[in-house]
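What follows is one structure encoded as structure tokens, with my remarks underneath.
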Amino acid sequence: MTDARIPIDIPGHPTALLVGHGLLDRASGALGRASVEVAGRRVLLACDDAVHATHGARLAAHLADAGAEVAMVGLAASEPDKAMPAVERIWAAALAHGLDRRGLIVAVGGGIVGDLAGFAAATYLRGVDLVQVPTTLLAMVDASIGGKTGVNLTLPGGGLGKNLAGAFWQPKLTIADSRTLATLPLRELRAGLAECVKHAVLDGEEALAALERDAAALAAADPDALLRLIPRSAAVKARIVAVDPLERGIRATLNLGHTFGHAIETLPEFQLLHGEAVAIGLVAAATSAEAFPGFVREPLVDRVRRLLEALQLPTGLPTRSATPRGTLAGEIRRRMGFDKKNEGGGLRLVLPRAVGDVEVVAGVPESAVEAGIRAIFVA
């Protein structure tokens, strides 16, 4: 099967995403064609602990065979661990391995590891080369694309603020080996599909209809359906970040579902994966849009909910909880106040007017925000 190459034409920093089967065993050749030579170069692999001994070790052996001097550092891939001590761990490993400004850091794992390794690469010696090797669906279609890196911060009053410290740092290349998805737990693979729903809503009717047709196969992790989906979904983000690499405008629409999703993702009693929180956030955002008088041209709540359910993703939190619903709703609203898109102390939400028509909106009526929060809870 032919590899797919999705160009990401960042002004001044052109890069690309390669998608194919068995790419880990061909990584040095792919890097060489992207003018990233590894022979004689010191390379640090920052690996998710879950794939350190498998995909990480496989890639390390391949790069060593190609003449690289390779070292590895393992990282815990959890939101509480996505913090500065993990970045310092990468810096320390880079120093111990003798990485100079010609060094290369390779992120191997999901979005958390990609963000940590990317932030370390952006700041070590004021910047060394980075390659992303995503091994989760979410990272392949979304998190590894566009150069966002960073860590979480503890919020005033408690809770985690998602990605509130970081930098933009473009990888020289992103290599997505679909074979790695065979080892991904089904729950985590399905969680990545939430970002694909987001991309389809942004892209338009053809993309959303294609996702609806393949929903059952994707929920079952069908390899052929995934290979159809990954390049199509990733290309949506690639087009948007190429136009707005520093998120000064249209790129913020990629946060559809994330203002609500980030607010509930780190609620400790639910233990949601990022994509699961985004799925719930997509329903909440569509609900807010419909509750905003005169905003929508095409109601999307029911269609989005049906698609997420077909993909075996959650569309709301259970109301059965040790914490009262009113308390949870208040905490969600408080955390939304720390979202990165907010300006001048005011909340900004990404809301869909229709399929293919999504906007960043300031001044959303509080009644519409509250409607979205109510939609987060299901009986």
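Being within 26 Å of LEU184 (Cα to Cα) and touching a strand residue (DSSP E or B) at 6+ places or on another chain (Cβ under 7 Å) is the filter here, so list the residues in segment 65-79 that pass it. Answer for segment 65-79, where residues must be within 26 Å of LEU184 (Cα to Cα) and touching a strand residue (DSSP E or B) at 6+ places or on another chain (Cβ under 7 Å): VAL70, ALA71, MET72, VAL73, GLY74, LEU75, ALA77, GLU79. Do we find that VAL278 is touching a Ser or Thr at 6+ places or on another chain (Cβ under 9 Å), assigned by TED's automatic domain parsing to the domain that holds VAL197 and assigned to a helix (DSSP H, G or I) in this structure? Here the answer is no, as VAL278 does not meet what is asked. When segment 151-205 is filtered for residues that are in contact with an Asp or Glu (Cβ under 9 Å, 6 or more places away or on another chain) and aromatic (Phe, Trp, Tyr), only PHE168 remains. In this structure, does LEU44 turn out to be touching a Leu at 6+ places or on another chain (Cβ under 7 Å) and not in a helix (DSSP H, G or I)? Here the answer is yes, as LEU44 does meet what is asked. Scanning segment 108-138 for residues that are assigned to a strand (DSSP E or B) and among the hydrophobic types (A, V, I, L, M, F, W, C) turns up VAL108, LEU130, VAL131, VAL133. Within segment 206-217, the residues that satisfy the criterion of being among the charged types (D, E, K, R) and either in contact with a strand residue (DSSP E or B) (Cβ under 9 Å, 6 or more places away or on another chain) or without any contact (Cβ under 8 Å) to a residue 60 or more places away in the chain (or both) are GLU206, ARG213, ASP214. Restricted to segment 307-344, and to residues there that are touching a strand residue (DSSP E or B) at 6+ places or on another chain (Cβ under 9 Å) and β-branched (Val, Ile, Thr), the residue that is modelled with the highest pLDDT is THR315.
Checked across segment 242-253, the condition of being in a helix (DSSP H, G or I) and crowded, with 22+ Cβ neighbours inside 10 Å holds for no residue.
Within segment 78-106, the residues that satisfy the criterion of being modelled with pLDDT under 95 and of a type outside the set (D, E, K, R) are SER78, PRO80.
So that you can scan it fast, the table gives a plain yes or no per residue for (1) surrounded by fewer than 19 Cβ atoms within 10 Å (Cβ to Cβ); (2) more than 27 Å from LEU153 (Cα to Cα):
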{"site": "LEU307", "(1), (2)": "no, yes"}
{"site": "ALA329", "(1), (2)": "yes, no"}
{"site": "ILE332", "(1), (2)": "no, no"}
{"site": "ASP339", "(1), (2)": "no, no"}
{"site": "ARG353", "(1), (2)": "yes, yes"}
{"site": "GLY372", "(1), (2)": "no, no"}
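Residues of segment 139-191 that are of a type in the set (Val, Ile, Thr) and outside any helix (DSSP H, G or I): ILE145, THR149, VAL151, THR154, THR174, ILE175. Evaluating ASP302 against the criteria (1) surrounded by fewer than 15 Cβ atoms within 10 Å (Cβ to Cβ); (2) in a strand (DSSP E or B); (3) not β-branched (Val, Ile, Thr) leaves one unmet condition, (2).
The values are calculated or read from the model by the stated rules, or taken from the named source; none is laboratory data. Just so it is clear, the structure is predicted and the values come from calculations on it, not from any experiment. Note: ideal-geometry Cβ built from the backbone for every residue, glycine included; neighbour counts use all protein chains shown.
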